[in-house]
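The values are calculated or read from the model by the stated rules, or taken from the named source; none is laboratory data. Note that the coordinates shown come from a computational prediction; the quantities given were computed from them, not determined experimentally. Cβ coordinates were reconstructed from backbone atoms using ideal geometry, including for glycine residues, and neighbour counts include every protein chain displayed.
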Amino acid sequence: MEKSLTELAGIVGGAVIGDGSTKIRGVSGIDDARPGDITFIANPKYLKKGETTGASAVICAPDTALATKPLIAIKNPYLAFAKVVRFFHPPACETGSIDERAVIGSRVQIGKDVTIYPFVYIGDDCVIGDGATIYPHCFLGNSVSIGAGTLIYPSVTIRERCIIGKRVIIHPGSVIGSDGFGFAKDGASYYKIPQVGMVQIDDDVEIGANNTIDRAAMGKTWIQRGVKTDNQVHIAHNVIVGEDTVVVAQVGISGSTRIGKRVTLAGQVGIVGHISIGDDAIVGAKTGVSGDVPPGQIVSGYPHMPHRDWLKASRTIPKLPEMRIALKKMEDKVQQIETLLNALQEGE
Amino acid sequence: MEKSLTELAGIVGGAVIGDGSTKIRGVSGIDDARPGDITFIANPKYLKKGETTGASAVICAPDTALATKPLIAIKNPYLAFAKVVRFFHPPACETGSIDERAVIGSRVQIGKDVTIYPFVYIGDDCVIGDGATIYPHCFLGNSVSIGAGTLIYPSVTIRERCIIGKRVIIHPGSVIGSDGFGFAKDGASYYKIPQVGMVQIDDDVEIGANNTIDRAAMGKTWIQRGVKTDNQVHIAHNVIVGEDTVVVAQVGISGSTRIGKRVTLAGQVGIVGHISIGDDAIVGAKTGVSGDVPPGQIVSGYPHMPHRDWLKASRTIPKLPEMRIALKKMEDKVQQIETLLNALQEGE
Amino acid sequence: MEKSLTELAGIVGGAVIGDGSTKIRGVSGIDDARPGDITFIANPKYLKKGETTGASAVICAPDTALATKPLIAIKNPYLAFAKVVRFFHPPACETGSIDERAVIGSRVQIGKDVTIYPFVYIGDDCVIGDGATIYPHCFLGNSVSIGAGTLIYPSVTIRERCIIGKRVIIHPGSVIGSDGFGFAKDGASYYKIPQVGMVQIDDDVEIGANNTIDRAAMGKTWIQRGVKTDNQVHIAHNVIVGEDTVVVAQVGISGSTRIGKRVTLAGQVGIVGHISIGDDAIVGAKTGVSGDVPPGQIVSGYPHMPHRDWLKASRTIPKLPEMRIALKKMEDKVQQIETLLNALQEGE
């Protein structure tokens, strides 16, 4: 595939600066780009690289001055780059057919142009929307619903009655709708609380690989529109994750907690149950959230605290041993001073 | 299904207070309950909600006074509620048949009323107990044994020679009997220690989704009766987890460690190898356990310490920067005092 | 199988001390060994056990004096023991045949003595090297390459264009080549950055169970020769892990980070993106690495610091409350002293 810079600018909605007839045949990162590639600069600190990159053109912000390269100038160069990558690497073309080695239950409604690979198991009464794709070794329990355009990678398990929206992507090995972790003490042992709710995943969500999202005890565990989870994320029963929230790898969210909209949970965060994290909050990596977080707040540490406090406190931690020694020394000194003072007073 | 309150009280062994003829058609949490539902109050702080809930009846402790609702009074309301949930939501009825699209090895012994779904692979010499259910995409290596009434959800891998007890539940994506992580240094590289032991899981254990429980180097990794693990738990080779212990999500237990009975390991705990955690110990969330924990102790922090100490220490951490400044100020002051004192002494 | 001690010494390259005709029929740990077994002592602190073990012979270091047992004396007893274990427990013999219930795409090249189990799905244009084994429920996307002698356990997903080397072992449930976690902000929502790179895993790597190794945004995520990962490890897009590095369970490595050679990352470590960890560095359990680590350094804590500093600092943490009280007391005392001094001065 080959496009002129002008054509690409049209696709992403940017303005050409320099030779619009420059031919572009591929996309690449700024260090690896070769002639024929287009690359991008989103961060001004890489501007110098823009002069020396092997790329034939650069996507960058409107006010950028690059002497040596033709440019596509646009407000959000990273987004424009993503669109150019998509253009040169369109999604794999699926067969739009249902392999006879899949098992499809009774009363399953399957839309148009659905691709179902071999070894898929679909239970009774499922609904599969138009253009959905289900890769090998996926399991859909009874009465599961999959929205139009949704893509389910291999070995995903979706248990009974879960509802998956449109244009959702679920990466391999993820488990949706496993039982919540609920037990009632029965003497020294435990009695299982039946987990009779389900999981609802709304449109445009992306779930990473090997996630586990438990079904609600009653009602639903709810992942709202536009949420993106990285790999190995664990979401417990009855949790709500608000729209456009980003959950980085290996985060664990305990039962019945509500995460607001546009929240960022960085890697390996752990969150206790039955709390609330406000819209637009940011939780730093490895934070242990032990209570509510107000909207817009940035928190870190364990237990969590305002991020600035954590930054200062964590910088102090390596100084603790010397602080302790200094404290000891001072205690001795103050005692000497007291003795001396007593002597002085008595001497008067 | 519809039952009178008196009938339900009989099922759970509680006493009716109020109108025993009240008709119950479902169960629900206290906030979501509607007429015809029964709900429960285990925690006295929710008593007020008992007056206003939409439920037609409430399960609560014997000494509870609720003016407006008929009650089932019982010592353990949560347990009774769990039993009522189970009553209104009986487990899915399995087919009790072996799908011809499953692969069953040679000399496999299969009990009565066993359900084996399509795409299950069972190796040679396996034993499957009466009433067991094995969902699609499960793998059982050679000589695996599955006890009666055990339920194995989709995409579970159980490698050769592992022994699974009765009434065990294994959630989707879990791996039982993968090789322990053992290598001998061979110059700069590593030589694999063959992991020739196995995993034994005893009766009434529940294993969450996407767990990994490694086989022993020699002998067995042993999960004892009644243990419950949440999702994404990792248990290394030769670990022993004692009866009725609860392991919350994303916990990791290193090799050869012994966990006692009735222990609670909260979320994201990490435990070093070759140590011992005593019966009834509780390990707080995110704790890094670096050595033995005596029976009954509650520990937290990293490295772990008694929970009370950790609570106090962790409350001090945000104060560290101001403590450091205070210390600096005091050092200056004490020096000034010393100078002054010296002057005073010399002046005498 | 039965071998004389002399024969076993020949196999591992050690020297017999004592009766070389001693018959050995198995291997065992020092506590569990019975007559006919051989065991080993790698750590001098277990020397006493060498006298009392039930084993018929012991593998130990050349300078070891054990009065009661015949020995194989060798520089690296643990490595020798591993080889003896391998000898008595040779790897399972595979069928060397391709099951007709596997799905094999078009133009797939399959080497000699390859074993492919039922329910394996192999896409178009894949290459499978001689002697490779692929267990049930594995998925290989289009154009995947698997090296000779590689062993892929059940339910492993390897997406399109990934390259796996020779003698690699991938444990069950691992996902290789899932999309990297990359999004460009598009207003309040996110636009997916197509992840068009792949994963390359070099020779002699072992990947634990339920790992997730994401494909590069562009170019490759690269796991170099001899790397060993434990279970539930997450490696993000464009990461490079250097030769013979060991990654313990539940570690997470963020995007574009470079890990050197012979590095050790202990359990539950988290590493930020775009940094570099030098050769031979050691990162302690649960460490949060927030920036570059120089070669050979040992770091711990969060944020990471030199391990010695962390040891000292972490020992101080439980003392924080009493330090705070001491500091308060001192402040009061110093104020009293100042008052007194002022009085003295005025009194002069």
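Of all the numbered requirements in (1) in a loop (DSSP other than H, G, I, E, B); (2) modelled with pLDDT of 95 or more; (3) among the small types (Gly, Ala, Ser), C:Gly96 misses one, and that requirement is (2). Scanning region B:313-348 for residues that are surrounded by fewer than 16 Cβ atoms within 10 Å (Cβ to Cβ), within 9 Å of chain C (Cβ to nearest Cβ) and charged (D, E, K, R) gives B:Arg315, B:Lys329.
For region A:236-273, enumerate the residues that are in a strand (DSSP E or B), at the interface with another protein chain (Cβ under 9 Å from one of its Cβ atoms) and closer than 19 Å to A:Gly165 by Cβ. Selection gives A:Val246 alone. Somewhere in region B:145-154, is a residue touching a strand residue (DSSP E or B) at 6+ places or on another chain (Cβ under 6 Å), more than 14 Å from chain A (Cβ to nearest Cβ), among the aliphatic types (A, V, I, L, M) and assigned to a loop (DSSP other than H, G, I, E, B)? Taking every residue of region B:145-154 in turn, none turns out to be touching a strand residue (DSSP E or B) at 6+ places or on another chain (Cβ under 6 Å), more than 14 Å from chain A (Cβ to nearest Cβ), among the aliphatic types (A, V, I, L, M) and assigned to a loop (DSSP other than H, G, I, E, B).
For region C:130-138, state whether one or more residues are part of a loop (DSSP other than H, G, I, E, B) and surrounded by fewer than 18 Cβ atoms within 10 Å (Cβ to Cβ). Yes, region C:130-138 contains at least one residue that is part of a loop (DSSP other than H, G, I, E, B) and surrounded by fewer than 18 Cβ atoms within 10 Å (Cβ to Cβ). If you filter region B:233-262 down to residues that are among the aliphatic types (A, V, I, L, M) and surrounded by fewer than 24 Cβ atoms within 10 Å (Cβ to Cβ), you find that the one that is farthest from B:Gly173 (Cα to Cα) is B:Ile240.
Exactly one residue out of B:Ala102, B:Ala148, B:Ala80, B:Ala132 is at pLDDT 95 or above and in contact with a helix residue (DSSP H, G or I) (Cβ under 7 Å, 6 or more places away or on another chain): that is B:Ala80. Consider A:Val103 carefully, then state whether it is farther than 25 Å from B:Val227 by Cα, more than 12 Å from chain B (Cβ to nearest Cβ) and surrounded by fewer than 23 Cβ atoms within 10 Å (Cβ to Cβ). Here the answer is no, as A:Val103 does not meet what is asked. The set of residues in region C:155-166 being more than 10 Å from chain B (Cβ to nearest Cβ) and more than 20 Å from C:Ala236 (Cα to Cα) consists of C:Lys166 alone. Of all residues in region A:114-129, those that are buried (at least 17 other Cβ atoms within 10 Å of the Cβ) and closer than 16 Å to B:Tyr135 by Cβ total 6. In the set A:Ile277, A:Ile193, A:Ile213, A:Ile207, only one residue is closer than 15 Å to B:Asp230 by Cα and surrounded by 24 or more Cβ atoms within 10 Å (Cβ to Cβ); that residue is A:Ile213. Against the criterion of being hydrophobic (A, V, I, L, M, F, W, C), in contact with an Asp or Glu (Cβ under 9 Å, 6 or more places away or on another chain) and over 20 Å from B:Ile24 (Cβ atoms), B:Ile104 does not qualify. Restricting attention to region A:166-184 and to residues that are assigned to a loop (DSSP other than H, G, I, E, B), among the small types (Gly, Ala, Ser) and closer than 21 Å to A:Asn210 by Cβ, the residue that is farthest from the chain's Cα centre (by Cα) turns out to be A:Gly180. Checked against the criterion of being of a type in the set (S, T, N, Q) and without any contact (Cβ under 8 Å) to a residue 12 or more places away in the chain, region B:294-302 has no qualifying residue. Of the candidates B:Val227, B:Val247, the single residue that is under 12 Å from the mean Cα position of the chain (by Cα), of a type in the set (A, V, I, L, M) and farther than 26 Å from C:Gly270 by Cβ is B:Val227. Within region B:50-98, take every residue that is of a type in the set (D, E, K, R) and surrounded by 17 or more Cβ atoms within 10 Å (Cβ to Cβ) and give me the one that is nearest to the other protein chains (Cβ to nearest Cβ). Among those that are of a type in the set (D, E, K, R) and surrounded by 17 or more Cβ atoms within 10 Å (Cβ to Cβ), it is B:Arg86. Against the numbered list (1) in contact (Cβ under 8 Å) with a residue 40 or more places away in the chain; (2) touching a strand residue (DSSP E or B) at 6+ places or on another chain (Cβ under 7 Å), A:Met198 comes up short only at (1).
Scanning region A:185-210 for residues that are assigned to a loop (DSSP other than H, G, I, E, B) and more than 8 Å from every other protein chain (Cβ to nearest Cβ), which turns out nearest to A:Val156 (Cα to Cα)? Taking the candidates together, the pick is A:Val205. Quick one: in region C:294-304, of everything that is on the phi < 0 side of the Ramachandran plot and buried (at least 20 other Cβ atoms within 10 Å of the Cβ), which residue is nearest to the other protein chains (Cβ to nearest Cβ)? Taking the candidates together, the pick is C:Tyr302. Region A:2-70 holds strands (runs of 3 or more DSSP E) entirely within its bounds, and those carrying 2 or more residues that are within 32 Å of the chain's Cα centre (by Cα) and within 16 Å of A:Arg86 (Cβ to Cβ) map to A:37-40.
Evaluated against (1) touching a strand residue (DSSP E or B) at 6+ places or on another chain (Cβ under 7 Å); (2) at negative phi; (3) buried (at least 16 other Cβ atoms within 10 Å of the Cβ), C:Gly111 falls short on exactly one condition, (3).
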